[in-house]
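Chemist: First the structure, then my questions, so here it is.
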Amino acid sequence: MDRRTFAQRLTSGAGALGLFSLGSAEQNVVADDVPIPGTPGRTNVLEPVKVADFQALAAARLPKATFEYISTGSADEVTLRENVAAFQRIRILPPLLTGVAKADPSTTALKQAIQFPILLAPVAGQQMYHPQGALAAARAAAAAGTIYGVSSSVGHSVEEVAAASQGPKWFQLYVPKDRAVARKLVERVERAGYQAIILTVDMGEWKDADRRNRFALPKEVLVKHLRDIGFMQISNSMSYEEIVEFNGQAWDLAIKWDFFDWLRSITKLPLIIKGVLRKEDATKAVSIGLDGIIVSNHGGRRLDGMPATIEMLPEVVQAVGGRAEVFLDSGVRRGTDVLAALALGARAVLIGRPYAWALAADGEAGVKKVLDLLREEFLNAMIATGCAKLSDITPSLLRKA
Ligand SMILES: Cc1cc2nc3c(=O)[nH]c(=O)nc-3n(C[C@H](O)[C@H](O)[C@H](O)COP(=O)(O)O)c2cc1C
């Protein structure tokens, strides 16, 4: 595949949005007043009690193509399945009679106090899942007491998301080729009060479902996205083909490690690299002074065949040796997964699909609810393993099956 085709597989900087068809784009947007089949109330599923319930609710609520855009993984979805399966292979061995009846899950992430170690990962296209999109997610994260990782391609501008809540936010950057645009964007992020920048470095989505569905961003959504980034030459008077063409060449897909030097020269914000799996890359990241590392395979949405993140975490943690904070995402679905990740050295975890489904199911209330549920499950796991605080969570709690 040439770089150009590869570029077209990136969503306007992220997933597979915006690219394959002109005709089917409109059907991917959910309207404010779409009724949810079944009743009473707003959902046709019983009150959600676990992440998978939100998935079912989202399936009922969203157009099929949009639901599949969120839920599917690349190619044969080996990595997608393995992310969850690897967590399920972990066995927890709780010590008995520890006298612990309540636990405190509060912590910090890059010095930001949070109520519990579960963050919202950057997820593109949130206005397609709910009309309030990122604004709803930002408010829910703030209400729950955690950090919202805001995707470059989230559907609202940096300033709009900042205005939606006072809660802590990290901005995830895809890099415009035009460095003047990139610089201005970073300056806006800093001015708007974001507390860190995540550079996502794993790219190369190949999702069969999106190609089958001819999944595409509607023109006005793509125009808003590109203008929100700072490509002010884009306007509604251009044809859709012209805009897609522009999007296909606007992003820098060939960045190398020295990009961080440039980023460091224009911002004082802490820098986080997202997409690390190899210990060599983790070592490099700390050697150039990065503040955070997210062990991630993009939720199995990128190159299929990559290992589960929870399996790579221990060697990354070892390579980092406490010189940066290590986070993990991909496959976190239960409070026990959070416990396992922390036991293996993660500072905190991030969730992607769970809150994208919850956003589709019930907007801000849905995202708050899924965070509350995972927090409760995690608290239960802490108490059941005799951990009154996060530093009590150690590898000795785990036995690999
Ligand atoms: C619908 C969707 C869109 C995503 N868009 C982005 C994005 O724009 N930038 C990014 O860094 N990661 C993106 N991701 C990846 C997430 O940040 C995260 O790595 C992944 O969802 C974690 O796996 P999980 O879905 O199993 O929790 C996206 C994930 C999903 C599900």
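Chemist: Using just the Cα positions, wrap the range 317-401 in a convex hull and report its mean projected area in square nanometres, one decimal place.
Modeler: Values: hull surface 25.3 nm².
Approximately 6.3 nm², given one-decimal rounding.
Chemist: Report the gain in length on full extension from Ala60 to Arg89: 0.36 nm times residue separation, minus Cα-Cα distance, nm rounded to one decimal. Please list the in-between numbers first.
Modeler: Working: separation 29, 0.36 × 29 = 10.44 nm, distance 3.01 nm.
The span from Ala60 to Arg89 would gain 7.4 nm if fully extended.
Chemist: What whole number of Å gives the distance from the Cα centroid of the range 328-379 to the Cα centroid of the range 136-164?
Modeler: What the calculation gives is 16 Å, centre to centre.
Chemist: Right, another one. State whether the range 244-350 is rounded, prolate or oblate according to the following rule on the C-alpha gyration tensor (a ≥ b ≥ c being the square roots of its eigenvalues): a/c under 1.5 gives rounded; otherwise a/b larger than b/c gives prolate, and the remaining case gives oblate.
Modeler: In terms of gyration-tensor shape, oblate.
Chemist: Which whole number in µm²/s is D for the range 3-400 by Stokes-Einstein, with the Kirkwood Rh taken over Cα pairs at 25 °C and 0.890 mPa s?
Modeler: Numbers: Rh = 21.1 Å.
Translational D for this selection: 116 µm²/s.
Chemist: For the range 216-232 and the range 257-276, what is the separation of their Cα centres, given in Å?
Modeler: Each part reduced to its Cα centre gives a spacing of 25 Å.
Chemist: A further question on this structure: Using only Cα atoms, what is the ratio of the radius of gyration of the range 44-148 to 2.2 N^0.38 Å? Provide the component values of the computation, followed by the final result.
Modeler: On the way: Rg = 17.4 Å, N = 105, 2.2 N^0.38 = 12.9 Å.
Rg over 2.2 N^0.38 Å, computed on Cα atoms: 1.35.
Chemist: Amide H neighbours of Val175 under 5 Å, at least 5 residues apart or on other chains, H built in the peptide plane: list them.
Modeler: Asp252
Chemist: Rounded if a/c is under 1.5, else prolate if a/b beats b/c, else oblate: with a ≥ b ≥ c from the C-alpha gyration tensor eigenvalues square-rooted, which is the range 134-203? Walk me through the numbers before you get to the answer.
Modeler: Values: a/c = 2.10, a/b = 1.69, b/c = 1.24.
Prolate is the answer for the range 134-203, as a/c is 1.5 or above and a/b outweighs b/c.
Chemist: Here is a follow-up. Give the whole-number value, in cubic angstrom per residue, of the convex hull volume spanned by the C-alpha atoms of the range 109-171.
Modeler: On the way: hull volume 4.6 nm³, N = 63.
Value for the range 109-171: 73 Å³ per residue.
Chemist: Then there is this: Which links in Lys111/Lys169; Lys207/Lys274; Lys284/Lys389 stretch past 22 Å when you go from one Cα to the other? Provide the component values of the computation, followed by the final result.
Modeler: On the way: Lys111/Lys169 13 Å; Lys207/Lys274 20 Å; Lys284/Lys389 31 Å.
Exceeds cut-off: Lys284/Lys389.
Chemist: Another question, if that's okay. Determine the calculated [θ] at 222 nm for the chain from helices alone, applying -39500 (n - 2.57) to every DSSP H run no shorter than 4 residues and normalising by the residue count; nearest 500 deg cm²/dmol.
Modeler: Result for the chain, helices only: -12500 deg cm²/dmol.
A short reminder: the numbers here are calculations on the coordinates, not readings from a lab. No experiment lies behind these values; they were computed from the predicted model shown.
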